[in-house]
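A quick write-up on the structure given underneath.
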Amino acid sequence: MVLIHSSKAAPLATLGTFTSRCGVGTPLNNVSKCRLRVRSVSTSVLAETKGAPNVTLPPLSALPTSMLLRSLLVAAITSKPYLLKPSLSILSRLSKSGNSLLLSVDRNIILHTILKWTFYKQFCAGENGRETQATVQMFKDLGFRGTLLTYAKETVFDHSTKSQQGLGVTTDQGKGQDGNGKRYCEHIEAWREGTVKTVDLLGEDDYLAMKLTGAGPAATEAFAAGELPPVQMIEALEEICQKCKDKGARILIDAESQHFQKGIARVTIDLMRKYNRDGYALVYNTYQAYLKSTPTTLATHLAAAGEEGFTLGLKLVRGAYMATDDRSLIHDTKQNTDDAYNSIAQGALRQELGEFGATNGRAFPSVNLFLASHNKESVMAAHHLHQQRLAAKLPTVPVGFAQLHGMSDDVSFSLLQLKGPDGSPQVYKCSTWGGMGECLAYLLRRAIENRDAVSRTQDEYRALKGEVGRRLKSLVTFST
């Protein structure tokens with residue numbers, strides 16, 4: 001195999017593994033049946049591997065140089081308060097509906113281009129199907145099991161102002177009747193169409209991440225009241241679940257503003273009752289560890305799963321709505337949130353959560369676990385616990401891991417470096433797609449998340465800067 005940028009073929013022993021359609025980590029003596037994908041190999045890799053068999057490169061060495069440089073630029077902004085604060089103000093202003101041509105990210109070509117090649121490409125998959133599928137394939141080429149893909153429309157409720165803002169969703173009711181006289185909402189239909197298009201972009205082993213508030217006012221009014229959404233949306237959800245089942249993809253229903261969460265959880269559990277059977281979760285609910293109420297909510301859902309015989313799809317996150325949710329609902333300190341996250345994650349892996357699985361307690365129900373986290377300690381501890389229990393033949397649950405597109409790549413690639421013959425850990429990247437205007441709320445929340453995680457963002461910046469320095473040093477060393 002000849003490496004680009006090299007004047008001669010590299011010895012096989014210096015490389016050990018390569019990236020192919022068979023995935024990252026395929027031994028070179030087992031590639032005869034693989035369809036190869038030729039790509040540029042950085043000179044830094046050549047320099048480090050030259051004369052150094054079995055070198056283990058840093059996790060970020062897997063990032064293509066263009067992604068690395070863009071990540072460094074964004075991290076330089078988000079890790080410095082004096083740059084991040086004005087950036088947040090600008091993104092917040094641009095995300096408001098009814099902007100003039102000058103401030104419209106969809107109509108102002110200059111503004112659109114600047115955002116597209118910085119924040120948008122850092123965190124989002126694409127504005128159309130072609131761009132999105134290219135991003136999904138890129139993640140698989142980098143060694144990820146798949147992608148969590150979401151359509152960008154949503155509605156965010158601000159507790160402090162008691163107001164809600166639809167991102168990519170207008171505030172008018174959009175109600176009427178179809179040709180058969182049934183109640184019809186154009187917002188629900190638009191959301192259904194966008195979500196079905198998202199399903200069409202998925203491959204086997206990918207996940208659809210759904211934001212149910214993107215269906216507009218008729219849906220959010222029901223969710224806010226703790227009720228099921230209109231029949232039109234229930235029928236759309238049934239269609240989407242069946243399409244994902246047929247494709248071998250799964251569904252993660254996102255947690256959203258707490259104002260809507262009770263109704264969202266209700267419809268999600270109803271879908272689990274129908275589709276999550278025989279130890280396999282097609283549908284997952286998302287639990288936010290920063291909420292004080294999460295252990296109680298989870299216990300209620302575990303009880304329902306045990307009593308009714310369905311598999312609980314448990315996706316665990318720390319939480320992303322601190323800027324708009326009622327602060328009193330959220331743990332007082334970051335440490336409390338970290339402890340809550342680790343307790344739930346490790347408890348699920350041990351099949352011991354509260355009274356469930358405890359001695360003289362209730363039987364632990366069927367659970368599939370998905371851990372979405374940027375905290376390296378949390379995910380590494382969870383992976384090692386899972387592997388220990390498998391090796392000791394102790395009871396545990398299936399588990400997957402994910403980090404957001406454009407964030408915590410060091411965590412993602414560190415997990416990938418631990419991949420064993422059984423394909424574990426299964427690591428995914430979570431991304432969103434849609435027009436620039438539709439994705440602005442998502443981009444703003446990513447920026448806020450970086451503001452609220454200063455130490456992690458600074459660590460990411462130092463790691464990225466170190467990787468750029470390593471490549472430059474290797475390039476100089478190789479050239480001499």
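Read-outs: derived from the displayed coordinates by stated rules, not from any lab. Keep in mind the model is a prediction, meaning the values are calculated, not measured. Positions of Cβ are generated from backbone atoms using ideal geometry, with glycine treated the same way; all protein chains shown enter the neighbour counts.
Worth pointing out:
- When +1 charges are put on Lys and Arg Cβ atoms and -1 charges on Asp and Glu Cβ atoms, the dipole computed for the range 193-263 relative to its Cα centre reaches about 120 debye.
- Estimated from the Cβ-Cβ distance and a Förster radius of 41 angstrom, the FRET efficiency linking Gln388 and Glu186 is about 0.20.
- If R0 is 56 Å, the Cβ-Cβ spacing of Arg362 and Ala134 corresponds to a FRET efficiency of close to 0.75.
- Extended-chain gain in nm, criterion 0.36 nm per residue less alpha-carbon gap, Lys473 and Ile114: 126.2 nm
- Take the Cα of Glu355, step 7 Å toward its Cβ, do the same at Thr296, and the gap between the two points is 1.5 nm.
- Selection among Ala323, Pro295, Val379 by position relative to the dipole of the range 128-433 gives Val379 as farthest towards the positive end (Cβ unit charges, Cα centre).
- Cα lying deepest toward the dipole's positive end in the range 181-325, options Leu202, Ile251, Gln232, charges on Cβ: Ile251
- Calculated FRET value between Lys262 and Asp332, using beta carbons and R₀ = 22 Å, to 0.05: 0.45
- The charge dipole of the range 128-433, taken about the Cα centre with unit charges on the Cβ atoms of Lys, Arg (+1) and Asp, Glu (-1), comes to about 440 debye, rounded to the nearest 20.
- Segment Arg462-Leu418, length gained on full extension (0.36 nm per residue, minus Cα span): 13.6 nm
- Euclidean distance between Cα centres, the range 316-374 to the range 183-203, Å: 31
- Radius of gyration over Kirkwood radius for the range 128-433, both on Cα atoms: the Rg/Rh ratio is 0.95.
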